[in-house]
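Report on one structure; see the data block that follows.
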Amino acid sequence: MNIKKVEEVVRLMEKHNLNEISIEEEGLKIHLRKGPGGEILEKAVRMQSPVLTPHVETAAQAPPAKNGRNTVEITSPMVGTFYRAPAPDAKSFTDVGKTIKVGDVLCIIEAMKLMNEIKSEIKGKIVDILVENGAPIEFGQALFVVEPS
Amino acid sequence: MFSKILIANRGEVAIRIIRACKELGIHTVAVFSEIDADSLHVKLADEAVCVGKAPASDSYLNIPSIISAAEITDVEAIHPGYGFLAEDAHFAEICESCQIKFIGPTPENILLMGDKMAAKQASRKAGIPTIPGSMNVVEKKEDALKIAKKIKYPVIIKAALGGGGKGMRICHNDVRLIGAFLTAQREAEAAFGNSSVYIEKYIDEPRHVEVQILADQYGHYVHLGERDCTVQRRHQKLIEESPSPALGKKLRKKMGELAVKCAKSIGYVNAGTIEFLMDKHENFYFMEMNTRVQVEHPVTEMLTGIDLIKEQIRIAFGEKLKVKQDDIKFEGHSVECRVYAEDPEYDFRPCPGKIVSLNLPGGPGVRVDTHIYAGYEISPYYDSMIAKIISAAKTRKAAITIMQRALDEFMIAPVKTTASFSKTVLSHPLFQRGRHSTAFVDQILEEMRHIK
């Protein structure tokens with residue numbers, strides 16, 4: 001894990017008085033943005049592990065309908081702690097009944113002190129939220145049930 | 001003692017670690033890839049966290065996933081087992097920085113011994129005999145010739161960053177050397193991205209003898225005797241035993257002391273193994289040091305009565321080594337057969353698939369370390385070792401007899417395994433006399449081909 005790299009990037013930002021920086025190299029993508037108060041607002045670090053053996057990439061989230069309705073589950077792409085909002089006292093990213101579109105941030109998964117925004121890859125309506133705020137989650141764990149539109 | 005440990009591994013070693021933890025009253029957390037959801041180590045652990053998709057890079061080698069799993073389950077320590085992240089200094093460092101105890105040596109120990117040339121230089125400094133050869137990387141063919149003249153033929157050219165037989169060339173004279181040197185450099189560049197090669201004296205038909213050591217955090221070191229791992233196929237160990245039939249009491253004492261000296265000289269902590277190559281004239285040379293617990297650790301446990309995994313956990317927790325060198329007794333003889341899901345009839349091709357029926361051996365003097373069960377699906381994503389069968393008895397002859405009996409009891413269908421081949425090896429007169437070398441398995445395979 002590249003905590004050191006992230007720290008380096010933050011230092012770079014301070015040194016050159018940058019507001020936003022995006023760095024990409026093999027296996028690692030770092031995107032940092034400063035808020036109006038100078039605090040680091042958006043931290044997304046994505047590790048792309050090289051695929052050693054060919055396997056079928058399951059597009060986000062598969063099994064349709066349990067109760068007759070056409071629903072899909074959005075599952076977690078990583079291990080960490082699930083948060084419904086960007087901060088403890090902030091509004092939740094989304095709720096049951098809300099409509100979501102591709103690219104909408106659904107939740108944050110905290111892993112190793114880094115906040116990872118989980119974005120939706122489908123368009124639809126949130127039917128159910130399966131995890132409590134602050135709960136630990138494993139890879140592949142179902143988070144949201146969505147009725148695609 | 002630790003209250004909770006995460007096992008960053010799978011298969012039989014994960015179960016081995018879970019067993020030691022259970023006996024020590026430590027709560028266990030298993031990690032697993034999606035395809036390992038029905039694995040035995042998941043069933044046996046107190047908690048389990050899915051860490052990624054089947055490929056090892058997505059799961060068992062996925063450091064962020066594993067550290068995350070450790071954090072959400074609030075463990076105090078991680079045992080890396082063997083393979084995967086066990087000798088990843090970076091991972092050991094990250095554990096340290098996250099205040100999770102890495103059950104093993106320090107990142108510095110791992111880094112030093114992971115570099116073959118640096119490890120050799122360190123041992124040489126400590127007065128351990130090393131294979132005569134170049135002190136550093138050999139850059140020019142003129143230097144190659146000079147070194148070969150000094151150490152005398154036959155010599156072997158090896159890639160500094162290498163392994164798996166790539167970038168290796170054996171030469172018997174000057175004429176061959178230049179061409180081999182240049183080819184080896186090219187091969188090394190292609191395989192490892194680095195053309196650095198070094199030259200060593202080539203030891204013909206060596207025996208592979210390794211010494212187990214334990215070291216606590218307070219500078220106490222012991223050795224637990226040697227293991228003979230000479231029965232190998234393409235550098236993959238098949239049968240191991242302790243003690244080595246090639247060693248007398250004097251040689252055993254000498255090698256043990258040198259192994260301890262080597263570990264001490266680099267400030268090694270926790271369990272480790274120093275590997276030596278032995279030639280036909282009882283000369284032995286440092287080959288490399290493995291900074292982890294090894295697959296074949298059970299034969300040492302059977303011989304000495306010491307639980308190596310528990311000792312690793314105790315050392316990591318900060319306990320002093322209770323056992324002293326003089327207390328360690330080597331009683332009897334122990335043999336281990338690794339069972340691989342490979343078909344010896346078809347050049348040992350891997351045989352993943354569902355195990356429909358299974359009978360594991362038992363009875364006096366038999367120990368089985370495995371993760372397989374009837375109904376279990378062996379996946380193609382990980383290595384093909386599915387079980388270790390270990391025997392122990394008062395004499396080598398008796399240990400071999402028990403092993404042969406145990407291999408007969410080992411029944412598995414429809415998966416093909418190397419169990420029957422191991423039986424062939426055990427009954428061969430060369431093995432029975434203890435006179436075999438690392439060329440032994442190839443000899444047997446050659447004999448079998450002729451019979452066909």
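Summarise the partner chain shielding of B:67-76 as one whole number: the mean count of Cβ atoms from other chains within 10 Å of each residue's Cβ.
5
Using modelled amide H (1.01 Å from N, peptide plane; none on Pro or chain starts), what sits under 5 Å from the amide H of B:A48, excluding residues fewer than 5 places away?
Answer set, sorted by chain and number: B:A30.
What is the mean number of Cβ atoms from other protein chains located within 10 Å of the Cβ atom of each residue in peptide B:93-99, rounded to a whole number?
Mean shielding by partner chains, rounded to a whole number: 2.
Skipping prolines and chain starts, which residues have an amide H placed within reach, meaning under 5 Å, of the one on B:N194, given they are 5 or more residues away or on another chain?
It is B:E189, by chain and number.
For each of B:H208, B:H79, B:H90, B:H27, count neighbouring Cβ atoms within 10 Å of the residue's Cβ, then give the residues from fewest to most.
Ranking B:H208, B:H79, B:H90, B:H27 by Cβ neighbours within 10 Å, fewest first, gives B:H90, B:H27, B:H208, B:H79.
Which of the peptides B:194-204, B:237-247, B:411-421, B:351-361 is most tightly packed, and how do the rest follow, judged by the mean count of other Cβ atoms within 10 Å per residue?
The most tightly packed comes first, giving B:237-247, B:194-204, B:411-421, B:351-361.
So which aspartates and glutamates pass the test for A:K98, namely a Cα distance under 12 Å, with those fewer than 8 places away in the same chain ruled out?
Within the straight-line limit of under 12 Å, A:K98 reaches these aspartates and glutamates: A:D128, A:E147.
Neighbouring Cβ atoms within 10 Å as the yardstick, rank B:L85, B:L430, B:L251, B:L112 fewest first.
B:L430, B:L251, B:L112, B:L85
Averaged over all directions, how much area does the convex hull of the C-alpha atoms of chain B cover when projected, in nm²?
In nm², the orientation-averaged hull projection of chain B is 21.3.
For a Förster distance of 25 Å, can you work out the FRET efficiency between the beta-carbons of A:A142 and B:E96, rounded to the nearest 0.05?
My answer for the efficiency is 0.15.
For Cα pairs less than 8 Å apart in space and 6+ apart in sequence, what is the mean separation divided by the residue count of chain B, i.e. the relative contact order in percent?
Reported relative contact order: 14 percent.
Enter the Cα centre distance for the pair region B:19-35 and region B:299-360, rounded to the nearest angstrom.
17 Å
Can you pick out the pairs among B:K116/B:K254; B:K201/B:K250; B:K120/B:K250; B:K43/B:K237; B:K152/B:K261; A:K5/B:K388 whose Cα atoms lie more than 31 Å from each other?
A:K5/B:K388
Sequence gap at least 6, Cα distance under 8 Å: using those rules, report the relative contact order of region A:72-148 to the nearest whole percent.
42 percent
Two decimals, Cα atoms only, Kirkwood Rh: what is Rg/Rh over the protein assembly as shown?
1.01
Taking each residue of A:105-117 in turn, how many C-beta atoms of other protein chains fall within 10 Å of its C-beta, and what is the average?
Rounded to a whole number, the mean comes out at 2.
In whole Hz, with x marking every Gly and Pro, tabulate ³J(HN,Hα) for region B:96-108 from phi via Karplus 6.51 cos²θ - 1.76 cosθ + 1.60, θ = phi - 60°.
4, 5, 9, 6, 10, 6, 8, 7, x, x, 7, x, 5
Over all directions, average the projected area of the Cα convex hull of region B:132-201 and note it in nm².
Computing the convex hull of the Cα atoms and averaging its projections yields 3.8 nm².
Calculate one ³J(HN,Hα) per residue across region B:144-149 by plugging θ = phi - 60° into the Karplus curve 6.51 cos²θ - 1.76 cosθ + 1.60, and present them in order as whole Hz with x for glycine and proline.
The phi angles translate into 4, 5, 4, 5, 4, 5 Hz.
What aspartates and glutamates does B:K146 reach when the alpha-carbon gap must be under 19 Å and sequence neighbours fewer than 8 apart in one chain are set aside?
B:D174, B:E200
Please report, to one decimal in angstroms, the Kirkwood hydrodynamic radius of region B:326-446 built from all distinct Cα-Cα pairs.
About 15.4 Å for region B:326-446.
Could you work out the relative contact order of region B:1-153? I mean the mean sequence separation of Cα pairs under 8 Å and 6+ apart, divided by the number of residues, in percent.
Contact order relative to length: 18 percent.
Could you work out the Kirkwood radius for region B:4-103, taking every pair of different alpha carbons, averaging 1/r and inverting it, reported in Å?
Taking every pair of different Cα atoms in region B:4-103, averaging 1/r and inverting gives 12.9 Å.
Put +1 on the Cβ of every Lys and Arg and -1 on every Asp and Glu Cβ in region B:4-103; which of B:A56, B:C98, B:L40 then has its Cα farthest towards the positive end of the dipole?
Farthest towards the positive pole: B:L40.
Distances over 12 Å make up what percent of all Cα-Cα pairs in region B:312-356?
Within region B:312-356, distances greater than 12 Å cover 78 percent of Cα pairs.
What list of ³J(HN,Hα) couplings, whole Hz, do you get for region B:225-232 from phi and the Karplus terms 6.51, -1.76, 1.60, once you set θ to phi - 60° and write x for glycine and proline?
Values, residue by residue: x, 10, 10, 9, 10, 5, 7, 9 Hz.
Give the long-range amide H neighbours of B:Y376: residues separated by 5 or more places, or on another chain, with amide H under 5 Å away, using H modelled in the peptide plane at 1.01 Å from N.
Hits under the 5 Å cutoff: B:I355.
About its Cα centre, how strong a charge dipole does region B:262-340 have in debye, to the nearest 20, once Lys and Arg get +1 and Asp and Glu get -1 at the Cβ?
300 debye
Taken together, the values in this text are just the output of simple stated rules run on the coordinates, not laboratory data. Since we're looking at a predicted model, the values are computed, not measured. Cβ sites come from the backbone with ideal geometry, for glycine too, and all protein chains shown count toward neighbours.
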